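Below is one structure, written out as structure tokens; the observations come after it.
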């Protein structure tokens, strides 16, 4: 037997080893639990899932309170590949409406993303299809349906103005930290201009998941969760009925109609033709349809009302006359003789008696008259030279917001062109140009370019006799059920109100005078004022322009119509503008026979 | 000792409840869940303890070898008739209850070792004695290894402490330690570099010790043996060990980083314990363990639940309870008059210490993942019963000392 006492001291060594191990554990525990905090972070990464709660995007109503844009639920079919077991693939494919190859491909894609995490198997199933799928889905473990919202347009009109939403691009995410991958953002139109109003505020739900990513409830009973805040609703200035009517009138024609309420600057209709159904650019069909629209040679995505620039042609006479009156170089009674088609240096395309006064020259659109007016302005002895006089003339024109943008809520617009004097200095040489050199300006041709929106604003100015409110699309934003009206500053031209009256009279006569260019379309029930424009087009047939407002006193609508390659202003511009005004002011009226003609007229062969 | 035992068992039960807690089965007594079953195991374990206390103390000494051989037969039987659970053919399935004989072999072997060592004329200078002792240890170890339960097989290394206390040359303990250091160094570094370092140390030693022939020969001999050992490490590592052991060791040493594979357990275990902080997340609020991020969270990795929910404070308490229990057993063992009781006591301490050290070191990422339970705390009937029997035989032996 071993001597007990001999090795008794060794118990100290053994106890020592035990204590050392205990201390190592204590030190290690202290290090990983108290000192090092990376494990807390890892634990949170393991278990916490931050789920974004998307708010409902704001709705859009027209000026009459009709719903233009709303949200509709769509359903994404989600899958967690690891949970998919023993399913009847063939039956499943039939249910979803895909073939077996597509199934294999989609499953592979999902598995590549993650076998344990949810990914979208089939995007945006319609409500109808969802109802059908939902009741059978229980047979297929690993699949479920996740709702999301799509924009819907009950009246398929005003696509350009409303714009569309799409997934944020990496650049947009970088520019604004609010957005995350997969979020939607307004890409054009008021969806873009009013993005911050419409989007609302995202909510956040923090939930805990287990190792298989199964949800296990909310984190800390949801005290860190935030609820989504729905977006604000918009009340746009458009009259959706008028808009749709205008789109119908413009079908199979290239061009644009803009209508403004002169007393407020509110845009009543903003038509760019050809247009498209806004419902084409939503959800899963968006990219396919977008590419088709993009490739279309008629460029339906191009917003002509804001972006296309045309010479104003004879409609420009309505700008020139008040300037000349303000400058005192003519009076309403001033007459100039007209040589008709043989006149020089500007010939007249209209057959009329001679001489005409200022008012008659608007009624009957006499070109030589306005060449003489222009000459009087530019050769005014008040100014040291042509250049000075031109600069003065240009400042008048600019005060009509020509050659400039409005910068309201239209998102995109072009400034048109009123040439700077430097342009002519460069083109002809300094001091080398005279009124004769730039005579095309007198009849709204040459370098002068305006957008349909600017043209319509000119009409609004005439209707208001000298001022305007910048044209805009949104009247009010509804914040927490409180309507907040958008205010715009009233802007004045450099022309006094009295100097517009002769122009108004001339435009009145265009409809109502015995020689008026628009007399064929006179309506007894409304006192309309208008001005035709036939714009020379070096690339083909003339563009047909028409501007008008009604009624003469306290006008409620100002309108500009451009129909490309349609010939005389009175051929297409006048009837379309007349119908639009009648529609807006009367709603129901006895339809003239030319309404049907306009609906059916197709100029497609000319493009 | 009994109160320390009860404290650990209770902590275990509560931790198991928390680890596999599920809202549908809120009662800790729910029999369909692990914690409900563990309660049954605890009650029966206490009954077993009572039986042992009521048994005559002479029974254990007298029947040490019969019990041992009976267990060996059982271990052989399980190899033939046993059922396989998670890769190990080490289970007897009796109805809905599964028992693991390897757990019970520990106390049987401890009885046999105590019995043999306490007989006259056995000492560590006799080759025959040492051989017999090794056979007593290796026989169950080998059988368990054959069951593919490596963790339980290497537990028998723990007896080195018993032998040390009973007179085994202390050098063996030091050699063992040096071997482990060299093994790790070789895996981490280039073997040639380790040998060169060793050589430099030898040269330095030559300067500092008495330079007689005998010392030089010993030093040179040791150098040769160590070099041979170093050179064999890689071979042994690549050929003797199985792939999953290799990866576990590599991950631990930082040679491989594999957070999804072999390193997953340890990483998740560290996350669970580490996220507990100073005072923990609170009872039932552990997320890492409850949501199954940590595998085996109610058995081998039960310490994670403690670490996550009770934090540093709770973990230290558990470590402290174990250390107190171990020291208490050694003190009680030292006061035994009979060698059998003392040696048996040391055996109990050694086995418990080995489990405690390896299990906690594993959850703290200080030791390769070896599947052995934390005594009294981990879920499992066999281990709870076996550790209870192991401890209570010693308590019985001690109580006799007091009665006498």
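Overview of results
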| read-out | value |
| --- | --- |
| Shape of the range A:239-285, Cα gyration tensor, a/c cut at 1.5 | oblate |
| Zone residues, the range A:468-500, relative to residue A:196, backbone N less than 20 Å from point 7 Å out along Cα-to-Cβ | A:472-489 |
| Peptides A:435-448, A:572-585 ordered by average Cβ neighbours within 10 Å, highest first | A:572-585, A:435-448 |
| Likely footprinting exposure, A:535, B:181, fewest C-beta neighbours within 10 Å first | B:181, A:535 |
| Residue of B:159, B:392, B:59 that the Gaussian network model of chain B assigns the largest fluctuation, springs spanning Cα pairs under 10 Å | B:59 |
| Peptide B:326-337, shielding by other chains (average Cβ, 10 Å cutoff) | 2 |
| Highest-first arrangement of B:62-69, A:197-204, where packing means the average Cβ count within 10 Å | A:197-204, B:62-69 |
| Exercise: per-residue mean of other protein chain Cβ atoms within 10 Å, B:272-280 | 6 |
| Average other protein chain Cβ within 10 Å of Cβ, residues B:154-166 | 2 |
| For the range A:439-556, alpha-carbon Rg over 2.2 N^0.38 Å | 1.28 |
| Cα gyration tensor shape for chain B, rounded if a/c is under 1.5, else prolate or oblate | oblate |
| Ranking of A:408, A:64, A:89 by count of other Cβ atoms within 10 Å, fewest first | A:64, A:89, A:408 |
| Long-range Cα-Cα pairs in the protein assembly as shown (distance over 53 Å), rounded percent | 49 percent |
| Net lengthening on full extension, residue A:341/residue A:127 (0.36 nm per residue, minus Cα-Cα) | 70.5 nm |
| Exposure proxy ranking, count of Cβ atoms within 10 Å, fewest first, for A:481, A:382 | A:481, A:382 |
| FRET efficiency for residue A:90 and residue B:264, using Cβ-Cβ distance with R0 set to 51 Å, rounded to 0.05 | 0.85 |
| Spin-label model distance (nm) - residue B:313 vs residue A:23, 7 Å beyond Cα toward Cβ | 2.5 nm |
| Relative packing of B:163-170, A:235-242, A:359-366, which averages over residues the other C-beta atoms within 10 Å, highest first | A:359-366, A:235-242, B:163-170 |
| Gaussian network model of chain B, springs between alpha carbon atoms under 10 Å - residue of B:232, B:15, B:141 with greatest fluctuation | B:232 |
| Whole-number percent relative contact order across the range A:51-236, with pairs defined as alpha carbons under 8 Å at least 6 apart | 33 percent |
| Rounded FRET efficiency, nearest 0.05, which uses the C-beta distance separating residue A:174 from residue A:299 and R0 of 25 Å | 0.25 |
| Euclidean distance of C-alpha centroids, the range B:94-135 and the range A:16-45, integer Å | 36 Å |
| Helix-only CD estimate at 222 nm, as mean residue ellipticity for the protein assembly as shown, using -39500 (n - 2.57) per DSSP H run (n ≥ 4) | -15000 deg cm²/dmol |
| Whole-Å distance, taken between Cα centres, linking the range B:145-162 and the range A:72-121 | 49 Å |
| Crossing angle, helix A:100-113 versus chain A [Cα axis fit, 0-90 degrees, rounded to tens] | 70 degrees |
| Overall Cα dimensions of the range A:496-607 - principal axes, largest extent first, Å | 43, 34, 24 |
| Shape call, the range A:130-176: gyration tensor on alpha carbons, a/c limit 1.5 | oblate |
| Label-zone membership for the range B:168-186, site residue A:7, 7 angstrom Cα→C-beta point, backbone N under 19 Å | B:168-178 |
| Förster-model FRET efficiency, 35 Å R0, residue A:496 and residue A:524, C-beta, rounded to 0.05 | 0.60 |
| Contour excess over end-to-end distance, with Cα ends at residue A:407 and residue A:181 and 0.36 nm allotted per residue | 78.3 nm |
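Read-outs throughout are calculated quantities, based only on the coordinates presented, and are distinct from any laboratory measurement. The shown structure was predicted, so the numbers you read here are calculated from the model rather than taken from an experiment. For neighbour counting, all protein chains shown are included, and Cβ atoms are generated from backbone atoms with ideal geometry for every residue, glycine included.
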